[in-house]
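Asks: Just passing along the structure, written as structure tokens.
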Amino acid sequence: MNYLPPNYVISPAVARARQLGLPVVALETAVLTHGLPRPENLRAAREMESQVFQHGATPATIALLAGKVHIGLTTEQLEQLSRMDGLRKISRRDFGLAIARGESGGTTVSGTLVAAHQAGIRVFATGGIGGVHRGGGMDVSADLPELGRTPVLVVCSGAKSILDLPATLEVLETQGVPVIGLQTDEFPAFYSRESGLQVNLRVETPQEAAQIALAHWQSGVEGAVLLVVPPPEEVALPARQVESWIDHALREAGEKHIHGPAVTPFLLDRVAHLSGGASLQANLGLLFNNARVAAEAAAAIPGPTRLRSV
Ligand code: PSU
Ligand code: MN
């Protein structure tokens, strides 16, 4: 039995789907509040929901609104969130702070995993997970340890290529997170289909990935399974070209002394400008595609429990 913590608000649509054991896909909102420019951010969030819906699952977009953790947002709430300035990026660390202060914010991969798990949701779609930042410093995304402890199937296009991808894969291994490629042997590099790095296993269908996730959890491992999906061919960018934009953006971040949670949004924004918008198109294309794949996987994962509020 799954109890919903106080300070959680579940939308009627998500509550109903959970009660009936219908497939549900969690969606994050840091991509809306920090990852994408306006107005593409709102359009993208809506389109992700619609992709999930069209492929047979109920979208559960997760965010903090006025100190409550919302599982499933109304159109108005999504719109509100997309317009707010100065929001906090909510990762595992930030729940208490934001709730106590009545704040709103977009949940990162780690924040979304925390909330999705509390609500008994087992599949989550995002763009790219956070990881180990380049430069050998201490900036390692909270996404990685969270993936190590939360039993959710996470559909993404690898880790953002602004990161140190080999180091990110090493930490995923340390955290016990299997990395499964959908119709690929290679770990995608977010904007690019290729990275030269291998996945742990290749599958041909989202259903196959769902079976592996179930076997993983049934064996007693309480952690995430990462299903990585290359960005669609029409929007994917060549890795070598992306590298030069990233080098440039990283130099700028150094000169401007950007640090903490601001690093990832800064780099994504700079790469979008340097690429003349091409990276933005890739980001949008892969988000929609991942939402579809997650919905297909969710149909193969039985809803574990009915929800009861405390
Ligand atoms: N994927 C995107 N855009 C984003 C992010 C992921 O396409 O903006 C967000 C995710 O929410 C991820 C976060 O959890 O960036 C990682 O931030 P940090 O590196 O500060 O942990
Ligand atoms: Mn960080």
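Asks: Once amide H atoms are built 1.01 Å from N in the peptide plane, which residues 5 or more positions from Thr61, or in another chain, come under 5 Å H to H?
Replies: When sequence neighbours closer than 5 places are left aside, the close amide H contacts are Leu27, Gly72, Leu73.
Asks: Tell me, what HN-Hα J-couplings in whole Hz come from the Karplus equation 6.51 cos²θ - 1.76 cosθ + 1.60 at θ = phi - 60° for each residue of segment 33-47, using x for Gly and Pro?
Replies: Karplus-based 3J(HN,Hα) across segment 33-47 equals 7, 10, x, 10, x, 7, x, 4, 4, 5, 4, 5, 4, 5, 5 Hz.
Asks: Quote the charge dipole size of segment 130-187 about the Cα centre in Debye, to the nearest 20; the model charges only the Cβ of Lys and Arg (+1) and of Asp and Glu (-1).
Replies: 140
Asks: Checking the a/c ratio against 1.5 first, then a/b against b/c, what shape does the Cα gyration tensor give for segment 82-155?
Replies: oblate
Asks: Also: For the ranges 23-30, 167-174, what's the packing order if you count other beta-carbon atoms within 10 Å of each residue, average per peptide, and put the highest first? Mind showing how you got there, number by number?
Replies: On the way: 23-30: 29.0, 167-174: 18.1.
Descending mean neighbour count gives 23-30, 167-174.
Asks: Please quote Rg/Rh for segment 156-266 to two decimal places, taking the Kirkwood radius as Rh and restricting both calculations to Cα atoms.
Replies: On the way: Rg = 15.7 Å, Rh = 15.2 Å.
In segment 156-266, Rg relative to Rh is 1.03.
Asks: Taking just the alpha carbons, could you work out the radius of gyration and Dmax for segment 107-223, both in angstroms?
Replies: Cα-based Rg and Dmax for segment 107-223 come out at 13.4, 38 Å.
Asks: With a/c under 1.5 counting as rounded, go ahead and sort segment 215-268 into rounded, prolate or oblate using the C-alpha gyration tensor (a ≥ b ≥ c being the square roots of the eigenvalues; past the cut-off, prolate if a/b is larger than b/c, else oblate).
Replies: Here segment 215-268 falls in the oblate category.
Asks: OK, next. Using the Cα centre of the chain as origin and beta-carbon charges of +1 (Lys, Arg) and -1 (Asp, Glu), tell me which of Gly285, Pro230, Thr75 is placed farthest towards the positive end of the dipole.
Replies: Most positive-ward Cα: Thr75.
Asks: Per residue, how large is the accessible surface of segment 140-226? Use a 1.4 angstrom probe and give square angstrom.
Replies: Value for segment 140-226: 37 Å² per residue.
Asks: Let me ask something else about it. What are the GluC sites (Glu not before Pro) within segment 209-310 that DSSP puts in a loop, where the Cβ has at most 14 other Cβ atoms within 10 Å?
Replies: For GluC sites (Glu not before Pro) across segment 209-310 that sit outside H, G, I, E and B with at most 14 neighbouring Cβ atoms in 10 Å, the list reads Glu222, Glu233, Glu234.
Asks: Enumerate the amide H contacts of Gly181 below 5 Å, restricted to partners 5 or more residues apart or on another chain; note that Pro and chain-start residues carry no placed amide H.
Replies: Under 5 Å from the amide H of Gly181: Asn200, Leu201, Arg202, Val203, Val228.
Asks: Among the aspartates and glutamates, select those whose C-alpha is under 13 Å from the C-alpha of Lys89, and discard any that sit fewer than 8 residues away in the same chain.
Replies: Candidates past the 8-residue exclusion: Glu28, Glu103, Asp143.
Asks: Calculate one ³J(HN,Hα) per residue across segment 256-271 by plugging θ = phi - 60° into the Karplus curve 6.51 cos²θ - 1.76 cosθ + 1.60, and present them in order as whole Hz with x for glycine and proline.
Replies: Along segment 256-271, the couplings run 8, 6, 6, 8, x, x, 6, 4, 4, x, 4, 5, 4, 5, 5, 5 Hz.
Asks: How large is Rg over Rh for segment 137-205, taking Rg from the Cα atoms and Rh as the Kirkwood inverse mean of 1/r across Cα pairs?
Replies: 0.93
Asks: Nearest 0.05, what FRET efficiency do Ala100 and Leu197 give at R0 = 45 Å with Cβ-Cβ as r?
Replies: 0.65
Asks: Using a 1.4 Å probe and ignoring any ligands, DNA or RNA, find the accessible area of Thr75 and quote it in Å² to the nearest 10.
Replies: Per-residue accessible area (Thr75): approximately 80 Å².
Asks: If you don't mind, there's one more thing I want to ask. First obtain the Kirkwood hydrodynamic radius of segment 69-115 from its Cα pairs, then insert it into the Stokes-Einstein equation at 10 °C and 1.306 mPa s, and state the resulting D in µm² per second as a whole number. Please list the in-between numbers first.
Replies: Numbers: Rh = 11.0 Å.
Estimated diffusion coefficient is 144 µm²/s.
Asks: Loop only by DSSP, 16 or fewer other Cβ within 10 Å of the Cβ. Give me the trypsin sites (Lys or Arg not before Pro) in segment 196-288 that pass, ordered by residue number.
Replies: Answer by residue number: Lys256.
Asks: A further question on this structure: Above 38 Å lies some portion of the pair distances; for the chain, what is it as a whole percent of all C-alpha pairs?
Replies: Across the chain, Cα pairs with separations above 38 Å total 6 percent.
Asks: Could I ask something else about it? Which value, in debye to the nearest 20, gives the size of the charge dipole of segment 70-153 about its Cα centre, when Lys and Arg are +1 and Asp and Glu are -1 at the Cβ?
Replies: Details: 9 positive and 8 negative charges, 46 e Å.
Dipole of segment 70-153, to the nearest 20 debye: 220 debye.
Asks: Please report, in Å, the Rg and the Dmax of segment 210-310, where both are computed over Cα atoms only.
Replies: When restricted to Cα atoms, segment 210-310 yields Rg and Dmax of 18.8, 52 Å.
Asks: Okay, moving on. Could you give the size of the charge dipole of segment 93-244 about its Cα centre, using +1 on the Cβ of each K and R and -1 on the Cβ of each D and E, expressed in debye and rounded to the nearest 20?
Replies: Its charge dipole is roughly 320 debye.
Asks: Here's a follow-up. Positive end of the dipole of the chain, charges at C-beta (+1 Lys, Arg; -1 Asp, Glu), about the Cα centre: which of Gln19, Thr58, Thr112 has its Cα farthest in that direction?
Replies: Gln19
Asks: Let me ask another. Rounded to whole Å and ordered largest first, report the semi-axes of the equivalent ellipsoid of segment 13-163 derived from its Cα gyration tensor (root of 5λ).
Replies: After scaling each eigenvalue by five and taking roots: 22, 18, 16 Å.
Asks: Quick query: amide H of Thr107 versus all other amide H atoms, modeled in the peptide plane; which residues come in under 5 Å with a sequence gap of 5 or more or a different chain?
Replies: Distant-sequence amide H within range of Thr107: Thr29, Ala30, Leu64, Ile90.
Asks: For segment 93-109, just list the computed ³J(HN,Hα) in residue order, Karplus coefficients 6.51, -1.76 and 1.60, θ = phi - 60°, integers in Hz, with x standing in for Gly and Pro.
Replies: 4, 8, 4, x, 4, 6, 5, 4, 8, x, 7, 10, x, x, 8, 6, 4
The values are calculated or read from the model by the stated rules, or taken from the named source; none is laboratory data. Keep in mind that what you see is a predicted model, and the values were worked out from it rather than measured. Because the Cβ atoms are built from the backbone with ideal geometry, glycine has one as well, and the counts that use them run over all protein chains shown. Remember, those area values only see protein heavy atoms, side chains included, never the ligands or the DNA or RNA. Shrake-Rupley method; radii C 1.70, N 1.55, O 1.52, S 1.80 Å.
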